[in-house]
Amino acid sequence: MPAPNFDRVARFYDPLAQLVFGGTLLQAQRQALAEGLPAGAPRVLFIGGGTGQVLPDLVALRPMAEVLYLEASANMLAQAQALVREQLNSAGRRISFRHGTETSLRANEQFDAVIAFFLFDLFPEAELAAMLNQLRRHTHAGTQWLVAEFAPPSRWWQRCLHGLMYFFFGLTANVRGRRLPNIAAAMATLGLAPRWQRHWRGGLVEASVYGTPG
């Protein structure tokens, strides 16, 4: 099946997110970066990052990081590249851009950190498991997984909002999921557990750093 593709909504995705959630989604991503990026010059896979709004934050925190920015939407990828040119100039020279999904990774590519922000919730649980297993091949025991997502809804308005989002992005971006998958359980099957976690908006949004226990 074709992967979700946000080409049709790329131009207004960020303004829409700002309208609905204010700065909460960006705050969660920035906090995950601050808490979870390995020190020094890590090799970082940033998958499904959309327009790349937090790339300047990543570079500011780890200017020596080698970053592969992997995005399935060509329009989103183009916006991320433009942002790096305009805001980072030579500071963004360590960021490589690639159009594709986890299946576009090369066999010899290994990463010290995997960043996935508001990506895993797009997939039914079986597809999410397949994605995670593919990504796992490109990590090692010490890899940090930085995840920001919507948390399981606990209130009626959260359930309504989840339903509206899945309906809208199902129509516009080929998102096949219809409810939030159990991301923590899927990560646990890889032997990964949260090392840090924080919630916002009454538990609606969460950021986590996963790693191998011990």
(request) On a C-alpha basis, how far is the centre of the stretch 170-204 from the centre of the stretch 56-124 in Å? Whole number, if you could? (result) 20 Å
(message) I'd like the FRET efficiency for Phe168 and Ala41, computed as 1/(1 + (r/R0)^6) with the beta carbon distance as r and R0 of 30 Å, rounded to 0.05.
(response) 0.15
(request) At q = 0.14, 0.16, 0.19, 0.24 Å⁻¹, work out log10 I(q)/I(0) for the stretch 1-59 with the Debye formula, treating every Cα as an identical point scatterer and leaving solvent out; two decimals please. (result) -0.50, -0.63, -0.83, -1.10
(request) Multiply the residue separation of Trp156 and Arg179 by 0.36 nm, subtract the distance between their alpha-carbon atoms, and state the gained length in nm to one decimal. (result) 6.9 nm
(message) As an exercise, find the ratio Rg/Rh for the stretch 1-127 from alpha-carbon atoms, using the Kirkwood inverse-distance average for Rh.
(response) 0.94
(message) Using the Kirkwood radius over C-alpha pairs as Rh, can you work out the diffusion coefficient of the stretch 90-192 via Stokes-Einstein at 4 °C, viscosity 1.567 mPa s, in µm² per second?
(response) 84 µm²/s
(request) Determine, from the Cβ-Cβ distance of Ala107 and Met64 and an R0 of 25 Å, the FRET efficiency 1/(1 + (r/R0)^6), rounded to the nearest 0.05. (result) 0.50
(request) Calculate one ³J(HN,Hα) per residue across the stretch 97-111 by plugging θ = phi - 60° into the Karplus curve 6.51 cos²θ - 1.76 cosθ + 1.60, and present them in order as whole Hz with x for glycine and proline. (result) 10, 9, 8, x, 10, 4, 6, 8, 6, 8, 4, 8, 7, 10, 10
(message) Which residue fluctuates most in the GNM of the chain (Cα springs below 10 Å): Ala173, Ala126, Ala185?
(response) Ala126
(request) At 7 Å along the Cα-to-beta-carbon direction for both Glu125 and Arg11, put a label point, then send me their distance in nm to one decimal. (result) 4.0 nm
(message) Leaving out ligands, DNA and RNA, and with a 1.4 Å probe, what % of the accessible surface on the stretch 43-103 is carbon or sulfur?
(response) 47 percent
(message) Give the average over all directions of the projected area of the C-alpha convex hull of the stretch 39-81, one decimal, in nm².
(response) 2.7 nm²
(message) If I model a spin label at Arg137 and Gln18 as a point 7 Å from the Cα along the Cα→Cβ vector, what separation in nanometres do I get?
(response) 4.0 nm
(request) Provide the net charge surrounding His140, with neighbours chosen by a C-beta distance below 11 Å and charges set as Lys +1, Arg +1, Asp -1, Glu -1. (result) +2
(message) Can you compute the helix-only [θ] at 222 nm over the chain? Use -39500 (n - 2.57) per DSSP H run of at least 4 residues, normalise by all residues, nearest 500 deg cm²/dmol.
(response) -12000 deg cm²/dmol
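Output the Kirkwood hydrodynamic radius of the chain, Cα pairs only, in Å rounded to one decimal.
By the Kirkwood definition, the hydrodynamic radius is 17.4 Å.
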(request) Lys and Arg at +1, Asp and Glu at -1: add these up for the other residues within a Cβ distance under 11 Å of Ala3 and post the number. (result) -2
(request) Using per-residue counts of other Cβ atoms within 10 Å, averaged over each peptide, order 84-93, 161-170 from highest down. (result) 161-170, 84-93
(message) In Å and on Cα atoms, what radius of gyration and Dmax does the stretch 118-170 show?
(response) 14.0, 40
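Add +1 for every Lys or Arg and -1 for every Asp or Glu among the other residues with Cβ under 15 Å from the Cβ of Arg179, and state the total.
Charge balance in the 15 Å sphere: -1.
The values are calculated or read from the model by the stated rules, or taken from the named source; none is laboratory data. Since we're looking at a predicted model, the values are computed, not measured. Please note: Cβ atoms are built from the backbone with ideal geometry, for glycine as well, and neighbour counts cover all protein chains shown. We work out accessible area using only protein heavy atoms, side chains counted, and drop any ligands, DNA or RNA first. Shrake-Rupley method; radii C 1.70, N 1.55, O 1.52, S 1.80 Å.
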